[in-house]
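Here is the structure we will look at, set down as structure tokens.
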Amino acid sequence: MLELDSVTAGYGKAQILNGISLTVPEGKIIALLGGNGTGKSTTLKVAAGLLQPTGGEVRFAGERLDGVKASKVIERGLCLVPQGKEVFAAMSVEENLVMGAYHRRSDKAGIRADLEARYAQFPALRDLRSRAAGYLSGGERQMLSIARALMGRPRLLMLDEPSAALAPKVVEQIAQIVLDLNDSGLTVLLVEQNVAMAMAVAEHLYIMRDGRIAFDRPITAEDEGTDDLKAFYLGQDYG
Ligand SMILES: Nc1ncnc2c1ncn2[C@@H]1O[C@H](COP(=O)(O)OP(=O)(O)O)[C@@H](O)[C@H]1O
Ligand SMILES: [Mg+2]
């Protein structure tokens, strides 16, 4: 559904992505792992249209995506939940959610229905709907950030380190949400530093190093000893 083919990209003269090729098939959860600064977020930014590649191709649902503006990428059904649980701090939870549907802001009835669906899925957000988002806990902000992206009605959701800096119980909730979303038909590209969490939900993993895919492989039932895996696959320089 989403394909990156030999994608290069960077900031100014600094090339960060040195030819990334990866595939996210429709209906799957794919994990992209790797240490800090290896280019995971940059890869997602390119797919989301926030950063234009300098080479290679990005395709989504059979169409070229490189050169397409971020706002148009969302309209095509590809949404990014950025790193850092960023929300509009001064706006209420509900206003944040409505912002996620900005590209179809004239569809008032549809937005109302989607708000109800999000509140049904994230009951805590319903209780907090009038609260300024800046007052939410880290876990609540992550839920809001995911729910806001869902307001864009994505077919593929990209999550950038959703479990970072959250308590284990909240990480479990996020993992369950990702699985539930996938069950309801959403395709997911998950960037994580939490190897165990990624292995628990994804069925295929890509490991990035120095702006390249070091390798990729399916995740199998034997992959439960994730500590070993972390050491083996991510190596000494992990993190
Ligand atoms: N906006 C930016 N301007 C310049 N350099 C950046 C910017 N964002 C990230 N970088 C650099 O690009 C490299 C990869 O960053 P990033 O994709 O965020 O890595 P990761 O998400 O894997 O931690 C890092 O060396 C980082 O310093
Ligand atoms: Mg990152």
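Worth pointing out:
- LEU51 falls short on exactly one of the conditions (1) outside any helix (DSSP H, G or I); (2) free of Cβ contacts under 8 Å to residues at least 60 places away in the same chain; (3) out of contact with any Lys or Arg (no Cβ under 6 Å at 6 or more places or on another chain); (4) among the hydrophobic types (A, V, I, L, M, F, W, C), and that condition is (3).
- Take the conditions (1) in contact (Cβ under 8 Å) with a residue 60 or more places away in the chain; (2) within 16 Å of ligand 1 (Cβ to nearest atom); CYS79 misses just one of them, which is (2).
- Taking the stretch 76-153 as the region of interest, the helices (runs of 4 or more DSSP H) fully inside it that hold 1 or more residues being of a type in the set (S, T, N, Q) are 93-99, 108-121, 138-150.
- Any hit, the stretch 21-30, residues being in a helix (DSSP H, G or I) and either of a type in the set (Gly, Ala, Ser) or away from ligand 2 (no atom under 16 Å from the Cβ) (or both): no
- Restricting attention to the stretch 1-35 and to residues that are within 11 Å of MET208 (Cβ to Cβ) and surrounded by fewer than 19 Cβ atoms within 10 Å (Cβ to Cβ), the residue that is modelled with the lowest pLDDT turns out to be GLY35.
- One residue stands out among those in the stretch 31-44 that are small (Gly, Ala, Ser) and within 11 Å of ligand 2 (Cβ to nearest atom): the one that is nearest to LEU189 (Cα to Cα), which is SER41.
- Odd one out for ARG126, checked against (1) touching a strand residue (DSSP E or B) at 6+ places or on another chain (Cβ under 7 Å); (2) within 18 Å of ILE177 (Cα to Cα): (1)
- Output for the stretch 160-184, where each listed residue is within 16 Å of ligand 1 (Cβ to nearest atom) and assigned to a loop (DSSP other than H, G, I, E, B): GLU161, PRO162, SER163, ALA164, ALA165
- Flag for GLN193 being more than 16 Å from ligand 1 (Cβ to nearest atom), within 28 Å of GLU26 (Cβ to Cβ) and of a type outside the set (A, V, I, L, M, F, W, C): no
- Scanning the stretch 45-56 for residues that are within 14 Å of ligand 2 (Cβ to nearest atom) and of a type in the set (Gly, Ala, Ser), we see that the one that is surrounded by the fewest Cβ atoms within 10 Å (Cβ to Cβ) is ALA48.
- When residues in the stretch 181-190 are screened for being under 15 Å from PHE122 (Cβ atoms) and over 15 Å from the mean Cα position of the chain (by Cα), 1 of them pass.
- Here THR8 clears all of (1) under 30 Å from GLY138 (Cβ atoms); (2) within 16 Å of ligand 1 (Cβ to nearest atom) except the condition numbered (1).
The values are calculated or read from the model by the stated rules, or taken from the named source; none is laboratory data. This one's a predicted model, so the numbers in the text were calculated from it and none came from an experiment. Reconstructed Cβ throughout: ideal geometry from the backbone, glycine too, with neighbour counts over all protein chains shown.
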